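Everything below concerns the one structure shown next.
The values are calculated or read from the model by the stated rules, or taken from the named source; none is laboratory data. Remember, it's a predicted structure, so these values are computed and weren't measured experimentally. Glycine also receives a Cβ, built like all others from the backbone with ideal geometry; neighbour counts cover every protein chain displayed. Keep in mind that these areas ignore ligands, DNA and RNA; they rest on the heavy atoms of the full protein, side chains included. Shrake-Rupley method; radii C 1.70, N 1.55, O 1.52, S 1.80 Å.
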Amino acid sequence: MAKTIIPFGPQHPVLPEPIHLSLTVEDEIVTQAVPALGYVHRGLEKLCDIRDYHHMIQVVERVCGICSKIHAMCYCHGLEEMMQVEVPPRAKYLRTIWSELHRVHSHLLWLGLFADGFGFEALFYQLWKIRERVMDINEATTGNRVIVSVNVMGGVRKDLSLEQIRWILSELELVESELKALESTILDDYTVKERTVGKGMLTKEQAYDLGAAGPTLRGSGIAQDCRQLNYAAFSDLEFEPVVEYDGDSYARSKVRYRETLQSIDLVRQALHKLPDGEINVKVKGNPEGEGVARVEQPRGELFYYFKGNGTKHLERLRIRTPTFANIPPLAAMLPGIELADVPVVVLSIDPCISCTER
Amino acid sequence: MFKITPMTKNILKNLITKKSTRPYPFVIREPFEESRGELYNDIDNCIFCSTCARKCPSQCITVDKEKGIWTCDPFVCVFCGTCMEACPTHCLHHKRTWRPVSGQREMIEMQGTPPKSKKKAAAKKEEASG
Ligand code: SF4
Ligand code: SF4
């Protein structure tokens with residue numbers, strides 16, 4: 001059979017964001033996939049030339065809409081370590097709470113989009129309906145739905161009142177029960193299994209060698225989670241990385257489903273343990289020298305590199321996002337599958353392209 | 001064979017429960033207490049110190065101290081609330097609602113009384129020289 005090259009993307013119905021894959025197919029089977037990026041590069045890192053390091057918090061939040069809070073937390077965490085600022089414990093807990101809420105809504109968003117990707121619209125709407133509760137928590141506690149702007153250097157800007165804590169707990173109760181009611185659909189439904197089981201295989205060795213991150217890595221049986229590095233308040237909270245061993249699209253969606261429940265539990269733990277005290281400290285001086293920060297984003301490991309020169313403008317800021325790390329594994333998953341399964345497998349790494357290109 | 005999938009139960013339940021969407025714009029959800037909407041300046045309390053303009057990450061505020069004009073470009077503002085917290089006289093606030101859609105790029109411009117200290121200083125100078 002002769003080879004045909006089929007372009008997939010940058011505009012494709014299942015992709016909310018532009019990525020181009022050049023697929024070589026023989027018959028209906030993909031034999032090679034070559035990804036091409038660069039459609040939404042915005043040059044946000046370069047903005048540190050004209051915005052000072054406090055302003056940059058709002059800039060890095062805009063790297064990714066879905067996990068905005070986690071970007072800001074990573075940025076602040078890295079600079080605070082560089083400048084030896086001790087963040088008050090309450091602020092650490094609050095950061096943890098909001099970042100886990102972001103993980104919950106990001107995973108629900110993804111589970112919905114994934115269902116939509118293989119044509120299960122009813123499940124998609126159902127999951128987004130649940131997600132709306134988390135978005136409401138965000139809006140009610142921080143002032144904005146998506147880009148929450150709660151981080152500042154040295155802590156957070158908003159506090160939670162006792163009333164709000166009670167309300168969050170009761171809402172999370174609902175989120176959890178509503179999500180659990182869908183468990184059998186998400187994990188056992190015929191449609192879901194038919195489209196995901198055995199599709200887009202990534203073995204443990206491949207995942208390790210190609211440097212996969214986040215649920216893509218954990219879905220292939222490697223128990224690594226950056227939250228184990230104990231930034232923010234994770235040292236005081238109990239959790240185990242969620243691992244699945246099959247390495248297919250189904251395993252990855254199972255990881256995300258279980259992580260959603262885990263994050264709800266983490267928020268609960270953090271709310272129960274929330275210490276009293278200050279929520280931020282004043283940060284004096286300017287960053288100098290070099291530093292790095294790593295945190296776990298819903299899609300995997302997020303990495304920041306900073307270089308300061310003692311002025312209020314950073315000399316260099318480099319962001320490596322998890323989707324960037326997950327593109328080589330994606331290129332390894334695609335060969336051997338049918339053309340019709342490509343959209344589902346591409347979605348299974350939870351691609352966030354604007355994040356990748358910053 | 002006809003098979004009852006787990007989703008069927010859910011769909012049937014949805015038929016008898018309340019709708020989760022609203023017929024916007026006929027029914028509008030009240031914004032939350034802390035929602036950050038349009039910015040406004042309680043201009044009588046503003047001392048035109050320009051702190052807000054310096055702290056704003058999107059640099060959308062301009063303060064004219066001489067004329068006493070405070071301007072914000074709502075098309076650039078990202079509703080982060082940094083200015084509001086930085087303001088020493090707490091005269092900046094976010095309304096809870098957004099501006100209605102607008103076809104023109106209108107600025108939020110507010111005219112206040114410029115601070116007197118300058119005038120006083122100028123008057124003193126005049127006195128001294130005269
Ligand atoms: S910070 Fe407050 S007082 Fe100063 S110019 Fe801005 S609005 Fe006016
Ligand atoms: S809300 Fe943020 S972006 Fe808008 S004027 Fe204030 S500081 Fe600037």
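Summed over segment B:89-98, the residues that are within 13 Å of ligand 1 (Cβ to nearest atom) and charged (D, E, K, R) give a count of 0.
For segment B:9-30, a tally of residues being assigned to a loop (DSSP other than H, G, I, E, B) and either more than 8 Å from chain A (Cβ to nearest Cβ) or touching a strand residue (DSSP E or B) at 6+ places or on another chain (Cβ under 9 Å) (or both) returns 13. Taking every residue in segment A:147-161 that is more than 11 Å from chain B (Cβ to nearest Cβ) and pairing it with any residue that is within 16 Å of ligand 1 (Cβ to nearest atom), at least 6 positions away or on another chain, the pairs with Cβ-Cβ distances below 7 Å are A:Met153/A:His54.
In segment A:5-23, the residue that is most open to solvent (accessible area, probe 1.4 Å) out of those that are without any contact (Cβ under 8 Å) to a residue 60 or more places away in the chain and closer than 14 Å to A:Val34 by Cβ is A:Ile5. At least 1 residues being buried (at least 18 other Cβ atoms within 10 Å of the Cβ) and modelled with pLDDT of 85 or more is the threshold, and among the helices (runs of 4 or more DSSP H) wholly inside segment B:35-130 those reaching it are B:51-55, B:82-86. When B:Val27, B:Val78, B:Val63, B:Val101 are checked against the criterion of being in contact with a Ser or Thr (Cβ under 7 Å, 6 or more places away or on another chain) and away from ligand 1 (no atom under 13 Å from the Cβ), a single residue qualifies: B:Val78. Taking segment A:249-276 as the range and being over 18 Å from A:His107 (Cβ atoms) and acidic (Asp, Glu) as the test, only A:Asp276 passes. Considering segment A:119-146, the residues that are among the small types (Gly, Ala, Ser) and facing chain B (nearest Cβ under 9 Å) include one that is most open to solvent (accessible area, probe 1.4 Å), namely A:Ala122. When A:Thr323 is tested against (1) under 30 Å from A:Thr203 (Cβ atoms); (2) touching a Lys or Arg at 6+ places or on another chain (Cβ under 8 Å); (3) open to solvent by 10 Å² or more (accessible area, probe 1.4 Å), exactly one condition is not met: (3).
Among the residues of segment B:42-65 satisfying the criterion of being within 8 Å of ligand 2 (Cβ to nearest atom) and away from chain A (no Cβ under 12 Å), which is farthest from B:Cys77 (Cα to Cα)? Among those that are within 8 Å of ligand 2 (Cβ to nearest atom) and away from chain A (no Cβ under 12 Å), it is B:Cys52.
Listed by first and then second residue, the pairs with beta-carbon distance under 8 Å, at least 6 apart or on different chains, first residue in segment B:75-95 and more than 11 Å from ligand 2 (Cβ to nearest atom), second open to solvent by less than 40 Å² (accessible area, probe 1.4 Å), are B:Pro88/B:Thr51; B:Thr89/B:Cys46; B:Cys91/B:Asn41; B:Cys91/B:Ile43; B:Cys91/B:Cys46; B:Lys95/B:Gly37; B:Lys95/B:Glu38; B:Lys95/B:Leu39. So which residues in segment B:21-47 are under 23 Å from A:Val148 (Cβ atoms), touching a residue at least 24 places away in the same chain (Cβ under 8 Å) and hydrophobic (A, V, I, L, M, F, W, C), if there are any at all? Scanning segment B:21-47 gives B:Phe32, B:Leu39. Among the residues of this structure, A:Tyr39 does not count as one that is in a loop (DSSP other than H, G, I, E, B), crowded, with 20+ Cβ neighbours inside 10 Å and of a type in the set (Ser, Thr, Tyr).
Where in segment A:168-253 are there helices (runs of 4 or more DSSP H), lying wholly inside it, with at least 2 residues that are open to solvent by 40 Å² or more (accessible area, probe 1.4 Å) and touching a residue at least 40 places away in the same chain (Cβ under 8 Å)? Break it down stepwise before answering.
Values: elements: A:183-188, A:190-196, A:204-209, A:215-218.
In segment A:168-253, A:190-196, A:204-209 are the helices (runs of 4 or more DSSP H) which contain 2 or more residues that are open to solvent by 40 Å² or more (accessible area, probe 1.4 Å) and touching a residue at least 40 places away in the same chain (Cβ under 8 Å).
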